[in-house]
Amino acid sequence: EPEVTQTPSHQVTQMGQEVILRCVPISNHLYFYWYRQILGQKVEFLVSFYNNEISEKSEIFDDQFSVERPDGSNFTLKIRSTKLEDSAMYFCASSVRENQPQHFGDGTRLSIL
Amino acid sequence: QQQVKQSPQSLIVQKGGISIINCAYENTAFDYFPWYQQFPGKGPALLIAIRPDVSEKKEGRFTISFNKSAKQFSLHIMDSQPGDSATYFCAARNLYNQGGKLIFGQGTELSVKP
């Protein structure tokens with residue numbers, strides 16, 4: 001069964017550094033999402049992306065965040081200058097169409113020191 | 001109004017028992033209510049989902065009951081098994097106004113004792 005893959009599984013970064021989290025969505029999916037889950041808390045929506053544009057973003061997704069689909073397979077989340085509070089599990093998800101179920105990857109654990 | 005409130009926070013059930021997890025919402029524009037199952041170290045996996053024009057949906061041992069007037073929905077796991085031990089999240093979506101964005105409940109950690 002096709003799945004969403006995320007790399008790396010764990011990223012440790014110094015505060016203030018840039019970090020790029022990578023995702024390979026399911027191949028025929030057109031809608032892409034990033035969510036995050038701070039330890040012990042609920043999963044929170046960050047951003048949705050379709051046709052090379054952001055279609056929706058949350059208040060969390062400020063100017064420090066950006067997303068990109070650099071080629072036909074990868075979908076990336078960049079945090080320009082990381083803060084301690086960015087430490088969380090980041091999940092990528094994709095769906096065939098906007099009204100179809102979202103499939104999640106296993107996440108990247110981001111630890112900011 | 002965008003919140004989905006989930007209870008209980010944790011649940012312990014004996015093997016063979018029924019696990020019940022509840023969620024409540026305020027936004028009547030929500031049009032899709034999925035439940036996700038998450039094992040440690042894994043991402044959320046879609047378990048079952050319902051739309052508000054249906055009052056119940058059953059898939060195997062998993063049933064969603066939906067009460068539109070009360071703005072509540074619940075997950076019932078029949079004949080609960082130790083392998084069902086996981087964290088369960090309810091979620092909601094408002095496709096017309098917010099696209100595919102899912103709003104999640106706080107999660108319920110289910111432990112099924114053998």
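The values are calculated or read from the model by the stated rules, or taken from the named source; none is laboratory data. Not measured: the values here are computed from a predicted model. Note: ideal-geometry Cβ built from the backbone for every residue, glycine included; neighbour counts use all protein chains shown. Heads up: the accessible areas ignore ligands, DNA and RNA and are worked out on the full protein's heavy atoms, side chains in. Shrake-Rupley method; radii C 1.70, N 1.55, O 1.52, S 1.80 Å.
Here the calculated FRET efficiency for A:SER27 and B:ILE20, from their Cβ-Cβ distance with R0 = 35 Å, stands at 0.40, rounded to the nearest 0.05. Taken residue by residue and averaged, Cβ atoms of other chains lying within 10 Å of the Cβ of B:93-100 number 5. For a modelled paramagnetic label at B:GLU56, 7 Å from Cα along Cα-to-Cβ, the residues of the range B:74-102 in reach, with backbone nitrogen under 18 Å, are B:74-80.
Mean partner shielding of peptide A:102-108, defined as the number of other chain Cβ atoms within 10 Å of each residue Cβ, is 5. Take the convex hull of the alpha carbons in the range A:5-112; its mean projected area over all directions comes to 6.3 nm². Using the 1.4 Å probe convention, the accessible area of the protein assembly as shown works out to 50 Å² per residue with neighbouring protein chains retained.
Extension gain for A:MET15-A:ASP63 works out to 15.6 nm (0.36 nm per residue, less the C-alpha to C-alpha distance). Remark: relative contact order (chain A) = 39 percent; criterion is Cα-Cα distance under 8 angstrom and separation of 6 or more residues. Of all aspartates and glutamates in the structure, those lying under 14 Å Cα to Cα from A:LYS42, and not within fewer than 8 positions of it along the same chain, are B:GLU109. Cα convex hull, the protein assembly as shown: 124 Å³ per residue, rounded to a whole number.
Between A:VAL96 and B:LYS113, the FRET efficiency from the beta-carbon distance, with R0 = 35 Å, is close to 0.35. Among the listed pairs A:LYS57/A:LYS83; A:LYS57/B:LYS68; A:LYS83/B:LYS42; B:LYS5/B:LYS71, give every one whose C-alpha distance is greater than 21 Å. Beyond 21 Å: A:LYS57/B:LYS68; A:LYS83/B:LYS42. Chain A contacts chain B over a buried accessible area of about 1600 Å², both sides summed; the probe is 1.4 Å and only protein chains count. Neighbouring Cβ atoms from other chains, within 10 Å of the Cβ of residues in A:33-42, number 3 on average. Loop-resident GluC sites (Glu not before Pro) (DSSP state other than H, G, I, E or B) in the range A:29-113 with no more than 10 further Cβ atoms inside 10 Å of their Cβ: A:GLU59. Using every pair of distinct Cα positions in chain B, the Kirkwood expression returns a hydrodynamic radius of 14.1 angstrom.
Note on A:LYS57: accessible area is roughly 120 Å² with a 1.4 Å probe, heavy atoms of protein only. Going by accessible surface with a 1.4 Å probe and the largest first, A:THR13, B:THR28 read B:THR28, A:THR13.
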